[in-house]
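One structure is given below, encoded as structure tokens.
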Amino acid sequence: MTTPDHQPPSPDTPDPQYKDRAYRSPSGVAGGVLLLAIAGWLGIDALVTGEGRTPWVSLATLLVLVPLVSAFTLRPAVHANERRMRIRNPFRVITMPWGTVEAFRSGYSNEVFDKAGTKYQVWAVPVSLRARKRAARKEARADAPGTRRGRSPHPAPVPEGPVRAQGDQIIDELRELLEARAGDPRAQGEVSVRWAYEVMAPAAAGAVLLAILLSLG
């Protein structure tokens, strides 16, 4: 009795082509790490050397600051694969199959709309007007007379296509995924939104403790 050389893949077997692409703001992460380092240094110093209620006030302040700073700097991310996009904002996680996404909009912030018209902000991909102006200047220089490839013995490489700011490039990639995958039967479903209680709970507890300590004088 012979067996086939190739068995059909199990439905539960993960397909490597669906590995997530992760997008974050490098400047946001760097700023968050710096702020947390400063807060940790000052807070721990007050806990160790403080007197009276100072250690308790320091502890409550850390309980408020650490989750909030992490939420707005380290936490935001966008994970996208060929089936869905997961947006991790400071206080919510939005999972959107591509079939539920209507469009992206980039103005002073990057936003995504679902088929029902609900708008979600994409915190992990901030808009930088400075980066857009810098990209526009590079584009103008690339199009200026005498700067094209072949005009000098050692020409600088000319980028293919228009020069775009990093945030706009990310939104372009997400738009391409949307156009390619929106009609796929495996990319259908419903939008799900989950609140980040792991961030909100310690921050709220710290705020209550801090308010009590300050009210006691």
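For this structure, a couple of remarks:
- All conditions in (1) within 30 Å of LEU63 (Cβ to Cβ); (2) modelled with pLDDT under 95; (3) in a helix (DSSP H, G or I) hold for PRO126, with the sole exception of (3).
For (1) part of a helix (DSSP H, G or I); (2) open to solvent by 30 Å² or more (accessible area, probe 1.4 Å), each residue gets a yes or a no:
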position: LEU65; (1), (2): yes, yes
position: LEU68; (1), (2): yes, yes
position: PRO90; (1), (2): no, no
position: GLY99; (1), (2): yes, no
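- Those residues of segment 177-200 which are open to solvent by less than 100 Å² (accessible area, probe 1.4 Å) and more than 16 Å from THR100 (Cβ to Cβ), in sequence order: ALA196, GLU198, VAL199, MET200
- The single condition from (1) surrounded by fewer than 11 Cβ atoms within 10 Å (Cβ to Cβ); (2) modelled with pLDDT of 90 or more that GLY146 fails is (2).
- Contact map, segment 105-122: residues that are under 20 Å from VAL93 (Cβ atoms) paired with residues that are open to solvent by 40 Å² or more (accessible area, probe 1.4 Å) and basic (Lys, Arg), Cβ distance under 9 Å, separation 6+ or inter-chain. Pairs shown: GLU111/ARG105; GLU111/LYS119; VAL112/ARG105; VAL112/LYS119; PHE113/ARG105; PHE113/LYS119; LYS119/ARG105; TYR120/ARG92.
- Number of the exception - PHE104 against (1) in a helix (DSSP H, G or I); (2) touching a Leu at 6+ places or on another chain (Cβ under 7 Å): (1)
The values are calculated or read from the model by the stated rules, or taken from the named source; none is laboratory data. Note that the structure is predicted; figures quoted are calculated from it, not measured. Cβ atoms come from the backbone with ideal geometry, glycine included; neighbour counts cover every protein chain shown. The area values use the complete protein model at the heavy-atom level, side chains included, leaving out ligands, DNA and RNA. Shrake-Rupley method; radii C 1.70, N 1.55, O 1.52, S 1.80 Å.
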